[in-house]
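Just so it is clear, none of the values below were taken in a lab; they were calculated from the coordinates. Owing to the predicted nature of the structure, the values given are computational and were not obtained by experimental measurement. All Cβ positions, even for glycine, are placed from backbone atoms using ideal geometry, and neighbour counts span all protein chains on display.
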Amino acid sequence: MRTARPRSRTPVRSPRSRTARAAAVLAAAALALTACGSGAPDAASRPRGAAPAGAIPTTDVVSGIEKDPAVAKLLPADVRARGTLTLAVSVGTPPAAAYPEDGGTVVGQDIDMAEAVARVLGITLKREVASFEAILPALGSGKYDLGTGNFGVTEERRRVIDFVTYINDGQGFAAREDSPLRKVTSLEQLCGQTVATGAGTTFEATLEKNRSRCAAAGKEPYEVRTYAEEAAMWISLRQGHSDVVMSTINGLRYAVRQQEGVRFLNEFKRLDVGFAFKKGTPLAPAFQAAVNKLHKNGDYARILKKWGTSASAIPVSRISPPEIR
């Protein structure tokens, strides 16, 4: 049972209405937090998760990838016949998946990786944007064939979801420049602080699971504030409503490069990240072989280099490996 705590909730809306709302909040926050102009486009014109002009790379690293008939044969016959699968995409911030500044099609490392795999398999992915916390349950119901959202492989998730890994990311922390924290090696260092994180994530689960550590150490417990929108999480930190942000390592590294007054603290725990499927899916062997094919021909390395995540490369794709301890 969870204790009552402040929580930012976003009603279910279309992706565009969520985008507009978050962008408006960002614009208002920018006026409150800074008095100097940079000459950049007004924040109100940027969709949720959008980066400043020129921040998102546009190099095409997937259009030249060709079908591998041997790998494609690993797909179930009905999938090969219809040639399509439905992919649920969680949109947050770069490098994983975000809207470009012009509000066009979602881009990011997850998008490029999924498209590259689809090209190896000779199929088309029908992408649908969905909230992070809704994707995994929807896979079980059959609403989507697979999902991406920087989903870390944990023991709890492995019981109900199959994964095909394509990168290694994990948990990290960021704070304002004035924070006394320099590195978080134990969650007890967060005692007495307010931690902002994403709703329905492994970060929230980790924080909730270890909340009692502060009491055991005779310290004031930390408070967890969860947000459905990345923009709101960062605004909370910058305005002083939160002291620390816990999120993905790659996402934090990217975010702090785009914002003044905040800094990356450290990596806390690494996790394998993968495409998510309904438990027992027959699609996993084909997707695993496709990722490994990309690795072999160099396309995998090109995708990670584009998004600045080469340090998160994995040597080989695996199906639902044990959680990294």
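Residue-wise test of (1) charged (D, E, K, R); (2) free of Cβ contacts under 8 Å to residues at least 40 places away in the same chain; (3) on the phi > 0 side of the Ramachandran plot; (4) in contact with a helix residue (DSSP H, G or I) (Cβ under 8 Å, 6 or more places away or on another chain).
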site: 258; (1), (2), (3), (4): no, no, no, no
site: 281; (1), (2), (3), (4): no, no, no, no
site: 298; (1), (2), (3), (4): no, yes, yes, no
site: 313; (1), (2), (3), (4): no, no, no, yes
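Any chance you could count how many residues in segment 216-251 are over 22 Å from residue 269 (Cβ atoms) and not basic (Lys, Arg)?
Within segment 216-251, residues that are over 22 Å from residue 269 (Cβ atoms) and not basic (Lys, Arg) number 11.
Considering only residues that are in contact (Cβ under 8 Å) with a residue 60 or more places away in the chain and among the aliphatic types (A, V, I, L, M), which ones fall in segment 208-232?
Those that are in contact (Cβ under 8 Å) with a residue 60 or more places away in the chain and among the aliphatic types (A, V, I, L, M): 224, 228, 231, 232.
How about segment 236-249: which of its residues are touching a helix residue (DSSP H, G or I) at 6+ places or on another chain (Cβ under 6 Å) and more than 14 Å from residue 198 (Cβ to Cβ)?
Within segment 236-249, 238 is the sole residue that qualifies.
Any idea which residue in segment 299-321 is surrounded by the fewest Cβ atoms within 10 Å (Cβ to Cβ), counting only those that are under 21 Å from residue 251 (Cα atoms) and β-branched (Val, Ile, Thr)?
314
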